[in-house]
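What follows is a short report on a single structure.
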Amino acid sequence: MDAIDLKILDLLQQDAEQQLAQIAEAVGLSSTPCWRRIQRLKESGVIRRQVALVDAQALNVGVTVFVSVRTATHTQEWFERFRATVQAIPEVVEFYRMSGDVDYLLRVVVPDIAAYDAVYKRLIAGTQLFDVSSSFAMEELKFTTALPLSYVR
């Protein structure tokens, strides 16, 4: 990956709907070589997919809840069941296995506390959990899907 690829990625992370000609001009290429580079980035898995970012408020899911989960069970069978439970809950938009005191961290989006309570009940019904702690975001101060490109070698 060279400097032109990085510039293409930067432009696409800001707006993936830009016309190919605009991207090509911005990186100093004609359209065909620029298109080839984009295709290569897709084929190699650097560009995983292109999606629409939708406004959470417009969809009435403007409340963000960070859910910390601890478990006393660490078997593969337990994990598979827990993962299936979490993946079946559409309000869970991010799901991580963590190091440290918390075993798993979930980001949940809902319209209100009552909706979160329903999510919580589905979460605890699916598996045996030791501790579940929920924190409601008061204000979103930064949100981006753009990844930093300065670490690429």
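The values are calculated or read from the model by the stated rules, or taken from the named source; none is laboratory data. All values derive from a computational prediction rather than experimental measurement. Positions of Cβ are backbone-derived with ideal geometry, glycine not excepted, and every protein chain shown enters the neighbour counts.
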List every residue pair whose Cβ atoms lie under 7 Å apart, where the two residues are 6 or more positions apart in sequence or sit on different chains, the first residue falls within segment 103-124 and is β-branched (V, I, T), and the second residue, located anywhere, is in a helix (DSSP H, G or I). V108/Y116; V108/V119; V110/Y116; V110/V119
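Based on what the data block shows, is L141 among the aliphatic types (A, V, I, L, M), assigned by TED's automatic domain parsing to the domain that holds V92 and at pLDDT 95 or above? Reasoning before the result, please.
On the way: among the aliphatic types (A, V, I, L, M): yes; assigned by TED's automatic domain parsing to the domain that holds V92: no; at pLDDT 95 or above: yes.
No: the conditions fail for L141.
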Hits in segment 41-74 - residues which are in contact with an Asp or Glu (Cβ under 8 Å, 6 or more places away or on another chain) and in a helix (DSSP H, G or I): L41
V92 - would you say it is more than 29 Å from M1 (Cβ to Cβ) and of a type in the set (A, V, I, L, M, F, W, C)? yes
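How many of the residues in segment 10-40 are assigned to a helix (DSSP H, G or I) and either within 19 Å of F143 (Cβ to Cβ) or modelled with pLDDT under 95 (or both)?
4
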Can you give me the number of residues within segment 1-45 that are surrounded by fewer than 14 Cβ atoms within 10 Å (Cβ to Cβ) and closer than 12 Å to L149 by Cα? 2
Restricted to segment 85-102, and to residues that are of a type in the set (S, T, Y) and free of Cβ contacts under 8 Å to residues at least 40 places away in the same chain, which residue is farthest from Q128 (Cα to Cα)? S99
If you take the residues of segment 100-147 that are in a helix (DSSP H, G or I) and hydroxyl-bearing (S, T, Y), which of them is nearest to Q87 (Cα to Cα)? Y120
Of everything in segment 75-95, what is out of contact with any Phe, Trp or Tyr (no Cβ under 9 Å at 6 or more places or on another chain) and in a helix (DSSP H, G or I)? Give them in sequence order. Q76, E77, W78, F79, E80, R81, A84, T85
Of the numbered conditions (1) part of a loop (DSSP other than H, G, I, E, B); (2) surrounded by 15 or more Cβ atoms within 10 Å (Cβ to Cβ), S150 fails exactly one; give the number of that condition. (2)
Given the criteria out of contact with any Phe, Trp or Tyr (no Cβ under 8 Å at 6 or more places or on another chain) and either modelled with pLDDT of 95 or more or closer than 30 Å to L12 by Cα (or both), does Q50 qualify? yes
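Could you list all residues from segment 78-94 that are buried (at least 16 other Cβ atoms within 10 Å of the Cβ) and within 11 Å of G126 (Cβ to Cβ)?
F82, T85, V86, I89
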Can you tell me which residue in segment 95-112 is surrounded by the fewest Cβ atoms within 10 Å (Cβ to Cβ), limited to those that are within 18 Å of W78 (Cα to Cα) and of a type outside the set (D, E, K, R)? S99
V61 vs. criteria of a type outside the set (D, E, K, R) and either in contact with a Pro (Cβ under 9 Å, 6 or more places away or on another chain) or loosely packed, with under 13 Cβ neighbours inside 10 Å (or both): yes
